[in-house]
Amino acid sequence: MIPAPIPADEERRIEALRRMLILDTPPEERFDRVVSFASEEFEMPIVLVSLVDSRRQWFKARVGLEACETDRESSFCGHAIIQPHILVVEDALRDERFHDNPLVRGAPHIRFYAGAPLQLPDGEIVGTLCMIDRKPRTLDDVDLAIFGSLRQLVVSELVAHAEVE
Amino acid sequence: MAVIHAPRPIPPAAPVAPAPMAPPIDLLLVEPHFLVRRTVAAVARDMRLADPREVTTIEQAEALLAASSFDALFLSLDEEAAALGLMARVRNGDTKCARDVPIAVTAAACATPLAMRLKQLEVRRLLLRPFKVKGVLDAIVLLRQPSPELHKAA
């Protein structure tokens, strides 16, 4: 397993995330409805709004997963946030970064992962909207456009949350 | 009462045109569900399929159609009677739109009387809930195509 890398702007990124005062807050319908919608649209068993904190990823919204956080080192989202484009891992068992990852070898048995980085207007990437399946999958261009559009809705809600706070 | 579950099913592999050469069409999109409406509108714009005008009610659509013309209409039948009335007025030429403007609709269910009425109103595509955003985009691609009557005339 290749541990999730630390982005060059980590300090500013964490500062932006914590300034939002969203970590460890209760579930909110405006985020929950996006993950539910994505789960139905793409028939994905697990969909998350994952915020990548310094040592963990914490889930602001989740479908199909009991855990509310996991460690950052083994997180797929930790890999997704180092650049602004959607990261797609079609089969984790065939990817050198993830083939022996505990989240692949054990529960929740990730095989497919797609993570759309949540980039705030100031450029900092605080987490992802991500979709997970237990079998290999692919996304076509239309899927990616729909997924990217849902990501923008999550970013809009994060910005609105930050403005309220 | 007979219920038509999938009057015109979309094949799973039906491709959405990836990069259409024609410019985006002016589309009136009436959809009360926020995520469906915003996602369809955003992706249709991104793919240059359409430049949707988004409204949530038939009343809002009526007001727009009284003032503006559109290349295609995509209507939710959540307000079934009002939506059917609006489509009838469009087909009668009582709005700014062309009488033969392509129309697609979404509905929760479609019994035989509704299916017959939609056929009379020359609705090109019916999507039954729950539908996928991808299915709506496929329907928009269909709305971009010339009507069969235009084919005949050409």
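Quick note: the coordinates plus some simple rules give every number you see, no bench work behind them. Predicted model, so just to flag it, every value in this text is computed and none were measured. Positions of Cβ are generated from backbone atoms using ideal geometry, with glycine treated the same way; all protein chains shown enter the neighbour counts.
With the biggest extent put first, the Cα atoms of the protein assembly as shown measure 64, 42, 40 Å across the principal axes. Within region B:25-146, DSSP assigns beta bridges of which about 0% are antiparallel (rounded to the nearest 5).
Each of residue B:81 and residue A:36 was given a label point 7 Å from its Cα along the Cα-to-Cβ line. The distance between the two points is 3.0 nm. With only the Cα atoms considered, region B:25-146 has a convex hull volume of 87 Å³ per residue. For the cross-link pairs A:135/B:134; A:135/B:132; B:96/B:119, the C-alpha atoms of every pair lie within 24 Å.
Other chains near B:129-136: what is the mean number of their Cβ atoms within 10 Å of each residue's Cβ?
On the way: counts 0, 2, 1, 5, 10, 7, 1, 0.
Taking the mean over all residues of the peptide, I get 3.
Extension gain for residue B:94 to residue B:111 (0.36 nm times residue separation, less C-alpha to C-alpha distance): 3.4 nm.
Averaged across B:38-45, how many Cβ atoms of other chains sit within 10 Å of each residue's Cβ atom? Don't skip to the end; give the middle numbers.
Details: counts 5, 12, 2, 1, 7, 8, 2, 2.
Per residue, the number of nearby Cβ atoms from other chains is 5 on average.
Once the C-beta distance of residue A:93 and residue A:163 is scaled by a Förster radius of 45 Å, the resulting FRET efficiency is 0.60 to the nearest 0.05. So what's the gap between the Cα centers of region A:88-120 and region B:75-122, to the nearest angstrom? Cα centres, region A:88-120 to region B:75-122: 46 Å. Evaluating kT/(6 pi eta Rh) at 37 °C and 0.692 mPa s, with the Kirkwood radius of region A:26-165 over Cα pairs in the Stokes-Einstein relation, gives 221 µm² s⁻¹. The helix-based estimate of mean residue ellipticity at 222 nm for chain A, built from -39,500 (n - 2.57) per DSSP H run of four or more residues and divided by its residue count, is -10500 deg cm²/dmol to the nearest 500.
Can you give me the relative contact order of region B:25-86 as a percent, contacts being Cα pairs under 8 Å and 6 or more apart?
Working: 84 pairs, mean separation 27.5, N = 62.
Relative contact order, region B:25-86: 44 percent.
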